[in-house]
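*Asks:* I have a structure I would like to understand better, so I am pasting it below and will then ask my questions one at a time.
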Amino acid sequence: MKNYVSVTEATFELKLSVDTIRRWEKKGLIKAERDKNNHRLFDKDELQKAYDKYISGGDSHPYQIIKSNKLHNVKCIELFAGAGGLALGLKNSGIKSEILVEIDKDAASTLKHNCPEWNVVCDDARNVDYTGIKADVVSGGFPCQAFSYAGSKLGFEDARGTLFFELLRCVKEVRPKIVLGENVRGLLRHENGRTLEVMVSLLEEQGYRVHYKVARAQYLDVPQKRERLIIWGIRKDLDYDFYFPKERDYTISIREALRNTPDSAGQKYPARKAEIMHLIPPGGYWRDLPLELQKEYMRASFYMGGGKTGMARRLAWDEPSLTLTCAPAQKQTERCHPEENRPLNVREYARIQTFPDTWEFCGKMTSQYKQIGNAVPVNLGYYLGMCILNMMGLENTPHEVEKYKPVTKNYDDELPLFAQAI
Ligand SMILES: C[S@@+](CC[C@H](N)C(=O)[O-])C[C@H]1O[C@@H](n2cnc3c(N)ncnc32)[C@H](O)[C@@H]1O
């Protein structure tokens with residue numbers, strides 16, 4: 001006789017996430033039967049086979065912080081450096097940090113504490129003068145702001161007042177070979193794409209060729225489904241090719257990432273929230289609660305549209321984490337530990353952003369979470385560093401980077417081989 005389980009039972013027994021089960025079903029790898037209430041039931045043996053094949057067998061890849069043992073004479077100035085995710089990644093690729101500019105005292109202390117040799121300027125980027133400073137690369141994850149559109153075409157001075165202007169001013173003063181701008185994917189659609197269009201034309205006006213692309217961290221040795229928009233500028237007198245990180249054909253699960261994480265401080269749930277979160281299975285969210293509790297927890301959101309899949313969300317062991325934000329227990333973006341009844345703690349946050357366990361964060365716990373949540377994952381930073389070195393002809397690593405190809409179709413259609421396979 002067959003042994004059927006519901007989706008919730010499967011998530012508890014096999015520690016699979018609802019997303020994984022849905023994806024397998026969609027790909028025809030497992031098949032659901034329906035009970036008399038039209039709820040889906042799965043054959044437990046079939047689920048176990050899929051688990052053995054796609055999760056324990058090959059799906060899960062070891063967690064590692066990637067580092068090159070070469071050191072190149074390539075110098076970078078970084079604006080808006082935060083706690084150093086990008087800076088450490090670039091360092092791991094062999095690039096040197098010349099100056100790091102960061103306004104937040106805790107983040108600047110983190111940079112100095114972990115790399116005393118770095119020249120950290122703890123100040124508003126608007127106050128920094130770059131005249132006389134030489135660097136090959138200027139980078140910055142500038143906070144995204146709208147421009148005020150006075151005329152049909154904006155020039156350098158029209159961008160004044162935005163933090164992108166500060167990146168541009170540094171570029172104008174230093175004239176680096178390569179510019180690296182990093183931002184959230186949402187910049188693509190900000191003001192219907194106009195903000196990005198203006199940024200590209202301002203960089204072009206400064207004498208740079210520009211290309212941009214979304215990098216998906218989960219396919220770049222980061223156990224997290226984080227996406228960042230990468231904007232490259234290459235000075236027009238240089239005939240460098242553009243490179244972007246090459247996606248790997250595997251992902252890294254939280255199980256791998258959190259193995260033997262050292263103890264650390266972490267936020268706790270208030271008593272009632274703890275009772276509610278206790279009922280959510282790994283990979284589950286508010287819909288896994290009994291109806292009355294759904295209403296209690298969600299309040300007005302219960303009656304609004306949209307999946308709200310980030311609410312009361314417990315992470316799944318067998319998948320990369322959802323994108324980390326500045327705090328692990330925000331109502332819309334809950335990041336509960338897969339098994340324990342608490343939000344991810346500080347060191348788990350750091351692991352998921354691929355910071356080494358030795359990288360210490362300064363300031364109060366809330367500030368530490370914020371610094372980590374704001375960072376570029378260190379491994380993504382490494383791949384960006386390898387892109388720079390390949391552009392400059394100092395490295396040749398075609399397994400890690402690929403030449404820019406214009407995207408002709410919707411980016412979302414471009415599933416990597418791994419996702420197509422399951
Ligand atoms: C998205 S975070 C950068 C994260 C960083 N790239 C990393 O990988 O860790 C943006 C940073 O810009 C800093 N920032 C915001 N306004 C600034 C300003 N006017 N001058 C300098 N830094 C600023 C913030 O404190 C924050 O740490």
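*Asks:* Treat each spin label as a single point 7 Å out from the Cα along the C-beta direction, and report the Lys49 to Cys326 distance in nm.
*Replies:* Between Lys49 and Cys326, the simple spin-label model gives 5.0 nm.
*Asks:* Specify the angular offset, from 0 to 90 degrees and rounded to the nearest 10, of the alpha carbon long axis of helix 365-374 from the longest principal axis of the alpha carbons in the chain.
*Replies:* 70 degrees
*Asks:* Moving on. How many percent of all Cα-Cα pairs in the chain sit more than 40 Å apart?
*Replies:* Working: 19211 of 88831 pairs.
Of the Cα pairs, 22 percent sit more than 40 Å apart.
*Asks:* Then there's this: Roughly what angle does helix 378-391 make with the longest principal axis of the chain, taking Cα atoms, 0 to 90 degrees, to the nearest 10?
*Replies:* The angle comes out near 40 degrees.
*Asks:* Based on the mean of other Cβ atoms within 10 Å per residue, sort peptides 91-98, 119-126 so the most packed one is first. Walk me through the intermediate numbers first.
*Replies:* On the way: 91-98: 22.6, 119-126: 16.1.
Most protected by this proxy first, the peptides run 91-98, 119-126.
*Asks:* Spin-label point model (7 Å from Cα, Cβ direction): what's the Gln267 to Arg160 distance in nm?
*Replies:* The modelled label-to-label distance comes out at 4.0 nm.
*Asks:* On to the next question. Report the residue, chosen from Arg226, Arg313, Arg23, that carries the largest GNM mean-square fluctuation when the chain is represented by alpha-carbon nodes joined by springs under 10 Å.
*Replies:* Of Arg226, Arg313, Arg23, the most mobile in the Gaussian network model is Arg23.
*Asks:* A follow-up question, please. For the stretch 4-57, place one equal point scatterer on every Cα, skip the solvent, and apply the Debye formula. What is log10 of I(q)/I(0) at q = 0.23, 0.27 Å⁻¹?
*Replies:* Computed log10 I(q)/I(0) values: -0.84, -1.16.
*Asks:* If I model a spin label at Lys403 and Ala146 as a point 7 Å from the Cα along the Cα→Cβ vector, what separation in nanometres do I get?
*Replies:* 4.1 nm
*Asks:* Follow-up question, since we're still on this one. Please work out the FRET efficiency for the pair Arg34 and Glu339, using the Cβ-Cβ distance as r and a Förster radius of 30 Å; give the result to the nearest 0.05.
*Replies:* Details: r = 30 Å, r/R0 = 1.00.
E(calc), rounded to 0.05, equals 0.50.
*Asks:* Could you please report the charge total around Pro143, scoring K, R as +1 and D, E as -1 over all other residues with beta-carbon less than 13 angstrom from its beta-carbon?
*Replies:* On the way: positive: Arg126; negative: Glu102, Asp104, Asp124, Glu166, Glu182.
Net of charged neighbours comes to -4.
*Asks:* Let me ask something else about it. Considering only the other residues whose Cβ falls under 9 Å of the Cβ of Leu79, what net charge follows from Lys and Arg at +1 and Asp and Glu at -1?
*Replies:* -3
*Asks:* Here is a further query. Expected output is a single nm value to one decimal: the length gained when fully extending between His278 and Lys364, i.e. 0.36 nm times separation in residues minus the C-alpha distance. What is it?
*Replies:* Numbers: separation 86, 0.36 × 86 = 30.96 nm, distance 2.72 nm.
Fully extending the segment from His278 to Lys364 adds 28.2 nm.
*Asks:* Another question, if that's okay. Figure the gain on full extension for Leu394 and Leu71 (residue separation times 0.36 nm, minus the Cα-Cα span) and round it to one decimal in nm. Walk me through the numbers on the way to the answer.
*Replies:* Working: separation 323, 0.36 × 323 = 116.28 nm, distance 1.06 nm.
Stretched fully, the Leu394-Leu71 segment lengthens by 115.2 nm.
*Asks:* Explain nothing, just the number: dipole magnitude of the chain about its Cα centre with +1 on each Lys and Arg Cβ and -1 on each Asp and Glu Cβ, in debye rounded to the nearest 20.
*Replies:* Working: 62 positive and 57 negative charges, 124 e Å.
It comes to approximately 600 debye.
*Asks:* For Lys105 and Arg287, FRET efficiency with R0 = 56 Å and r from the beta-carbon atoms, rounded to 0.05?
*Replies:* The calculated FRET efficiency here is 0.85.
*Asks:* Considering the dipole of the chain built from charges on the beta carbon (Lys and Arg +1, Asp and Glu -1) around the Cα centre, which of Pro338, Cys115, Thr8 is farthest to its positive end?
*Replies:* The residue sitting farthest along the positive end of the dipole is Thr8.
*Asks:* Turning to a different aspect of this structure: Determine the gain in length on full extension of the stretch Glu205-Phe12; use 0.36 nm per residue of separation and subtract their C-alpha separation, reporting nm with one decimal.
*Replies:* Working: separation 193, 0.36 × 193 = 69.48 nm, distance 5.65 nm.
Taking 0.36 nm per residue and subtracting the Cα distance, the gain is 63.8 nm.
Every number in this text was worked out from the coordinates using simple rules, so none of it is lab data. Because the structure is predicted, anything quoted here is derived from the model rather than measured. Counting neighbours? That spans all protein chains shown, and the Cβs are built from the backbone with ideal geometry, glycine included.
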